[in-house]
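Comments concern the structure below.
The values are calculated or read from the model by the stated rules, or taken from the named source; none is laboratory data. What you see is a predicted model; the values in this text were computed from it and never measured. Methodologically, a virtual Cβ is constructed for each residue, glycine included, from the backbone with ideal geometry; neighbour enumeration extends over all protein chains shown. What goes into the accessible areas is simple: the full protein's heavy atoms, side chains included, and nothing from ligands, DNA or RNA. Shrake-Rupley method; radii C 1.70, N 1.55, O 1.52, S 1.80 Å.
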Amino acid sequence: GKVHLEMRLNEVITENGSVGQHLVVRIIECQGLPLISGQNCDPYATVSLVGPARSDQKKTKVKKKTSDPHFEETFFFEVTRTSSYSKKSHFQVEEEDIEKLEIKVDLWNNENLAQDVFLGETRVHVKILRSDHIHKAWYLLQPKGNGSKSKSDDLGSLRLKLTYIEDTVLPSAFYTPLCNLLLKSPDVKPISASAGHILGDICRERCEAVLPTVRLLLHHNRFVPFVSAVAALELENTQEANTIFRGNSLATRCIDDMMKIVGKNYLAVTLKPVIDEICESNKTCEIDPVKLKEGDNVENLQGYVQKVFSSITQSSSSCPPLMCDVFRSLRNLACKRFSADPHVQYSAVSSFVFLRFFAVAVLSPHSFQLRSHHPDPEISRTLTLISKTIQTLGSWGSLSKKMSSFKETYMYDFFKSFQEDKCIEKVKKFLDEISTNVSKESSVLEDAVVLKEGEVQKRAQGRKRLGKKNFKKRWLRLTNRELSYHKHKGKEALCIINVKNIQAVEKLDESAFNRKNMFQVVHCEKLLYMQAGNCVEAGEWLEVLGPVSRCNEGRFSSFHPSNYSGGFWQCCRSPSSSAPGCKPCTTTVLANLQLDIDCDRETERIFSLLSANDAKLQNMEDACASMAVYQGPQREQEDYSKFTIQEPKETFQTLKQLRNIMEELQRQHNIRSDTAAQYGSMDNPIIGKTS
């Protein structure tokens, strides 16, 4: 529980003209008091001024049957001796008293016939009123005798960096207009006139400004169209292919944040084993002749680089579908913009997946939860050398420049051993697999990656009536190339379906065959009905089948949730067996992500960012108004040149919508801004064991 207190010092003139000082303590309320025998307690509080030769105690009234009593009682304590008014014009608490006096508040449960039960206490030093004439705060209740125990032995120091962000989140309905306006951003033409782009434009100096927008778009499956439109705008202003996506733009910031959120597990699967080996083996890998102490460490470093490089280039089957969708879009946009450059299709993808994702994770594994602690200097140096090499190996632009990106001679010499055609081909193959529709197409020499396998009940093909004989046990196996079922595990496949031919993967209604946990695989030949052993198994099959087939050509947008029997579909009663589905297919972009996103809080953060940059919004409005009215050559004002304004009227319209939404949200915040009964605000902080 916690107690809300207010303390202040008052000067008092007595009847004989002398002046004294009283400490006024107001106990306002308590919250969260414990239940007694499963029922609300009958609480009361005692307020004591304790110190040398002092033990003044007052008591509140008993409140019946409540865990959140409102006392609203005020007590007065004399803290200084009275003195002549003529001798002293301004009185303060005496130094010797203020260091020793404290207010102690005890909470009790009134038991009537039995002994009262202690609920908790808090102590506040009176000296807090030195710098704060009126002190008002919430205090957490502590066990009896708090502060009286001797200090434990000194165990050393701990350095912390704390960031405190306070959001007052309103009911969901109030955020709907702002949320909808942001989610419409990908559809706005031009994209620079959208709410999402405007937010990134006015907050470009703040690295944390993009994150709430990214999280909101991810949650609603709107990230890919938004970032594609923003990237297209950036490419319009890019003059040379070798500088593609190298700046700190809105597009690069959005994709960086997306990869950190979406690619967390991907990094763990791909890099964590080899990073753990590097950090725990403590092999010396220094190759700089100036820093080299003894021995030849080239082989150690070369071995680590080969392991990291192989882990990355063989990881395409683990790359999250959403990242593949983004890379595919970037690749297509880059090829369209620089059609004469054969390398741009690779540099557009490698500038993110190698330079901004894998290389950064190798350099700082603790920042990506690959290691719990910052590596020691020697290991950190090894990771730096590996990261440099991986950047260059993965950057197609650097490979085409014949190693000119290295400034150090020793790095140039070391990298020579990796300048082979097969190494470059591995990079190209990996980039192709994660950024094209024919993704993850393994060569004949490589084994297919098994994504899931297990026993299911398969409905026999061509059966026309219900019955147990229509279902047979089969071993279902899914790889990154094909879906197959077998009579038993390890036996020859009875049927093989290329994953590129899968057109939909959906749940099947229980009423279809009077069976639970059924799902269907729609492919070009006929429907495949399967029953999993339980609901968890069925969910896992859907989660793995959906993403692996999500980009197939001819994938259906709708499906039939039931079966076709008796001359019509049981779900929509359509008589044609080839009739289009009657229910929209499930979106599978985020099927493999478990994102814990509170959309209301993210929208509130966006509102806070917009409010904090209100002056820039006004400048942007002024710029739009000026450009729309004056049709001549634009004079580049300093404030205006910072904004991207392609269509002044469209941008102005969006700004007006933002302004109206912000005013309404601010009005709702003002209605709820009464902090009299709130805790945790600036005026009413929560204070723990110490005051």
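Peptides 358-369, 508-519 ranked from most to least packed by the mean count of surrounding Cβ atoms within 10 Å: 358-369, 508-519.
When nucleic acids and ligands are ignored and a 1.4 Å probe is applied, Glu647 ends up with an accessible area of around 90 Å². So for the range 189-247, Kirkwood radius off the Cα pairs, Stokes-Einstein at 25 °C and 0.890 mPa s: how many µm² s⁻¹? Value of D from the Cα-based Kirkwood radius: 197 µm²/s.
Spatial offset of the range 168-192 relative to the range 239-300 amounts to 36 Å, using the alpha carbon center of each.
His70 contributes about 110 Å² of solvent-accessible surface, heavy atoms of the protein only, 1.4 Å probe.
Of the trypsin sites (Lys or Arg not before Pro) found in the range 173-253, the ones in coil according to DSSP and having at most 16 other Cβ atoms within 10 Å of their Cβ are Lys184, Arg206, Arg246. A 1.4 Å probe run over the range 282-399, with the rest of the protein chains in place, finds 41 Å² accessible per residue. Amide H contacts of Asp341 (H built 1.01 Å from N, in plane; Pro and chain starts excluded): no residue 5 or more places away or on another chain comes under 5 Å. Annotation: amide H-H contacts under 5 Å for Lys59 (H modelled 1.01 Å from N, sequence separation of 5 or more, or interchain): Val47. For the range 59-70, backbone phi angles converted through the Karplus equation (6.51, -1.76, 1.60; θ = phi - 60°) give residue-by-residue couplings of 9, 7, 6, 7, 9, 8, 6, 8, 9, 10, x, 9 Hz, Gly and Pro being listed as x.
In this structure, the pairs whose alpha-carbon distance is over 29 Å, taken from Lys283/Lys452; Lys184/Lys388; Lys616/Lys649, are Lys283/Lys452; Lys184/Lys388.
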